[in-house]
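Enquirer: Right, I'll just put the structure down here and ask away after.
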Amino acid sequence: MLNSQQVKDLFDKESILISRENVVPLYRIRELFGDRAVCFARNVSGSGFSLYGIGDFQLPYATLAGFQTAATFKNIDEIRQTVGEIGGYAAVEAAEDSLIPNYVMGLINALRDKYPSSLSGFDIISETLEKAVTAETKRKNRQKKN
(Lines give C-alpha, C1' and ligand atoms only; values in the text may rest on other atoms or scores of the structure.)
Protein backbone atom coordinates (compact mmCIF):
# COMPACT_ATOMS: atom_id res chain seq x y z
CA MET A 1 0.00 0.00 0.00
CA LEU A 2 1.12 3.53 -0.71
CA ASN A 3 0.76 6.75 1.25
CA SER A 4 0.20 10.14 -0.38
CA GLN A 5 3.90 11.01 -0.62
CA GLN A 6 4.75 7.64 -2.17
CA VAL A 7 1.93 8.11 -4.72
CA LYS A 8 3.17 11.61 -5.55
CA ASP A 9 6.74 10.31 -5.93
CA LEU A 10 5.55 7.46 -8.16
CA PHE A 11 3.52 9.91 -10.24
CA ASP A 12 6.59 12.13 -10.64
CA LYS A 13 8.66 9.10 -11.70
CA GLU A 14 6.07 7.79 -14.18
CA SER A 15 4.74 11.04 -15.61
CA ILE A 16 5.41 12.43 -19.06
CA LEU A 17 4.65 15.82 -20.56
CA ILE A 18 1.43 16.05 -22.55
CA SER A 19 0.60 19.55 -23.73
CA ARG A 20 1.46 21.70 -20.69
CA GLU A 21 1.15 19.26 -17.80
CA ASN A 22 2.62 16.08 -16.45
CA VAL A 23 0.39 13.04 -16.83
CA VAL A 24 0.69 9.25 -16.70
CA PRO A 25 -0.49 7.21 -19.70
CA LEU A 26 -3.44 4.95 -18.95
CA TYR A 27 -1.59 1.79 -20.00
CA ARG A 28 1.04 2.51 -17.34
CA ILE A 29 -1.57 3.09 -14.63
CA ARG A 30 -3.11 -0.29 -15.53
CA GLU A 31 0.30 -1.92 -15.15
CA LEU A 32 0.83 -0.28 -11.76
CA PHE A 33 -2.61 -0.57 -10.16
CA GLY A 34 -4.65 -2.97 -12.32
CA ASP A 35 -7.73 -2.78 -14.52
CA ARG A 36 -10.20 -2.52 -11.65
CA ALA A 37 -8.43 0.53 -10.22
CA VAL A 38 -8.47 2.22 -13.63
CA CYS A 39 -12.15 1.39 -14.16
CA PHE A 40 -13.06 2.80 -10.78
CA ALA A 41 -10.95 5.94 -11.17
CA ARG A 42 -12.27 6.73 -14.64
CA ASN A 43 -15.82 6.63 -13.35
CA VAL A 44 -15.21 9.07 -10.51
CA SER A 45 -16.52 12.47 -11.56
CA GLY A 46 -13.70 14.93 -12.20
CA SER A 47 -11.06 12.27 -11.65
CA GLY A 48 -8.55 13.72 -14.09
CA PHE A 49 -8.68 11.32 -17.03
CA SER A 50 -8.48 12.56 -20.60
CA LEU A 51 -7.30 11.74 -24.10
CA TYR A 52 -4.65 13.39 -26.26
CA GLY A 53 -4.47 12.75 -29.97
CA ILE A 54 -1.90 13.30 -32.67
CA GLY A 55 -3.10 12.31 -36.10
CA ASP A 56 -4.43 8.76 -35.98
CA PHE A 57 -2.96 7.99 -32.51
CA GLN A 58 -4.75 8.83 -29.28
CA LEU A 59 -3.29 8.41 -25.81
CA PRO A 60 -5.58 8.15 -22.78
CA TYR A 61 -3.94 9.51 -19.64
CA ALA A 62 -4.52 10.69 -16.08
CA THR A 63 -3.45 13.76 -14.18
CA LEU A 64 -2.21 13.50 -10.60
CA ALA A 65 -5.84 13.45 -9.39
CA GLY A 66 -6.72 10.41 -11.53
CA PHE A 67 -3.49 8.68 -10.57
CA GLN A 68 -4.27 9.26 -6.87
CA THR A 69 -7.80 7.89 -7.30
CA ALA A 70 -6.48 4.70 -8.94
CA ALA A 71 -3.87 4.31 -6.18
CA THR A 72 -6.56 4.81 -3.53
CA PHE A 73 -8.69 2.07 -5.08
CA LYS A 74 -5.67 -0.25 -5.08
CA ASN A 75 -5.00 0.51 -1.38
CA ILE A 76 -8.63 -0.12 -0.41
CA ASP A 77 -8.78 -3.28 -2.50
CA GLU A 78 -5.69 -4.64 -0.73
CA ILE A 79 -7.28 -3.88 2.64
CA ARG A 80 -10.54 -5.49 1.54
CA GLN A 81 -8.69 -8.65 0.55
CA THR A 82 -6.87 -8.69 3.89
CA VAL A 83 -9.70 -8.00 6.33
CA GLY A 84 -12.61 -9.44 4.36
CA GLU A 85 -15.77 -9.03 6.37
CA ILE A 86 -14.04 -8.78 9.76
CA GLY A 87 -15.58 -6.02 11.84
CA GLY A 88 -18.85 -5.98 9.89
CA TYR A 89 -17.68 -3.65 7.14
CA ALA A 90 -20.77 -2.95 5.04
CA ALA A 91 -18.49 -1.53 2.35
CA VAL A 92 -16.97 -4.96 1.77
CA GLU A 93 -20.31 -6.35 0.61
CA ALA A 94 -20.91 -3.26 -1.52
CA ALA A 95 -17.48 -3.73 -3.12
CA GLU A 96 -18.29 -7.35 -3.95
CA ASP A 97 -21.60 -6.28 -5.50
CA SER A 98 -19.76 -3.79 -7.68
CA LEU A 99 -17.39 -6.34 -9.27
CA ILE A 100 -19.68 -7.17 -12.19
CA PRO A 101 -20.46 -3.52 -12.99
CA ASN A 102 -16.74 -2.69 -12.71
CA TYR A 103 -15.98 -5.50 -15.16
CA VAL A 104 -18.62 -4.19 -17.57
CA MET A 105 -17.36 -0.63 -17.09
CA GLY A 106 -13.87 -1.91 -17.88
CA LEU A 107 -15.14 -3.25 -21.18
CA ILE A 108 -16.89 0.03 -21.95
CA ASN A 109 -13.73 1.98 -21.12
CA ALA A 110 -11.63 -0.30 -23.31
CA LEU A 111 -14.03 0.34 -26.18
CA ARG A 112 -13.88 4.09 -25.45
CA ASP A 113 -10.10 3.93 -25.74
CA LYS A 114 -10.24 1.99 -29.00
CA TYR A 115 -13.12 3.94 -30.59
CA PRO A 116 -12.99 7.47 -29.11
CA SER A 117 -15.23 8.91 -31.83
CA SER A 118 -18.11 6.83 -30.42
CA LEU A 119 -17.91 8.33 -26.93
CA SER A 120 -21.54 9.41 -26.79
CA GLY A 121 -22.80 5.86 -27.38
CA PHE A 122 -20.55 4.46 -24.67
CA ASP A 123 -21.52 7.27 -22.32
CA ILE A 124 -25.18 6.36 -22.77
CA ILE A 125 -24.40 2.70 -22.01
CA SER A 126 -22.30 3.72 -19.02
CA GLU A 127 -24.99 6.03 -17.63
CA THR A 128 -27.69 3.38 -18.11
CA LEU A 129 -25.57 0.76 -16.37
CA GLU A 130 -24.85 3.13 -13.49
CA LYS A 131 -28.58 3.79 -13.01
CA ALA A 132 -29.35 0.07 -13.09
CA VAL A 133 -26.66 -0.69 -10.51
CA THR A 134 -27.91 2.11 -8.25
CA ALA A 135 -31.48 0.80 -8.47
CA GLU A 136 -30.35 -2.76 -7.75
CA THR A 137 -28.27 -1.63 -4.77
CA LYS A 138 -31.26 0.26 -3.33
CA ARG A 139 -33.45 -2.80 -3.84
CA LYS A 140 -30.95 -5.05 -2.02
CA ASN A 141 -30.68 -2.56 0.85
CA ARG A 142 -34.49 -2.49 1.23
CA GLN A 143 -34.54 -6.32 1.29
CA LYS A 144 -31.90 -6.38 4.04
CA LYS A 145 -33.92 -3.97 6.20
CA ASN A 146 -37.03 -6.17 5.92
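The values are calculated or read from the model by the stated rules, or taken from the named source; none is laboratory data. This one's a predicted model, so the numbers in the text were calculated from it and none came from an experiment. Positions of Cβ are backbone-derived with ideal geometry, glycine not excepted, and every protein chain shown enters the neighbour counts. For accessibility, only protein heavy atoms count, side chains too; no ligands or nucleic acids. Shrake-Rupley method; radii C 1.70, N 1.55, O 1.52, S 1.80 Å.
Enquirer: Anything over 29 Å Cα to Cα? Flag those among K74/K138; K74/K145; K13/K74, in the order listed.
Expert: Values: K74/K138 26 Å; K74/K145 31 Å; K13/K74 18 Å.
Flagged as over cut-off: K74/K145.
Enquirer: Here is a follow-up. Once ligands and nucleic acids are excluded and a 1.4 Å probe is used, how much of F49 is accessible, expressed in Å² to the nearest 10?
Expert: Rounded to the nearest 10, that gives 50 Å².
Enquirer: Once R0 is set to 30 Å, what does the formula 1/(1 + (r/R0)^6) return for the Cβ-Cβ distance between K8 and K138, expressed as a FRET efficiency to the nearest 0.05?
Expert: Values: r = 37 Å, r/R0 = 1.24.
According to the calculation, E is roughly 0.20.
Enquirer: First measure r as the distance between the Cβ atoms of I16 and A65, then evaluate 1/(1 + (r/R0)^6) with R0 = 22 Å and state the FRET efficiency to the nearest 0.05. Write out the running numbers ahead of the final one.
Expert: Working: r = 16 Å, r/R0 = 0.75.
Using R0 = 22 Å, I get an efficiency of 0.85.
Enquirer: From largest accessible area down, sort R30, R80; use a 1.4 Å probe on the protein chains. Could you put the intermediate results ahead of the total?
Expert: On the way: R30 65, R80 40 Å².
Result, largest first: R30, R80.
Enquirer: In addition: Show me, for region 23-34, the HN-Hα J-couplings you get by feeding each phi into the Karplus relation (A = 6.51, B = -1.76, C = 1.60, θ = phi - 60°), rounded to Hz, glycine and proline as x.
Expert: 3J(HN,Hα) across region 23-34, in whole Hz: 9, 10, x, 4, 4, 6, 5, 4, 5, 6, 10, x.
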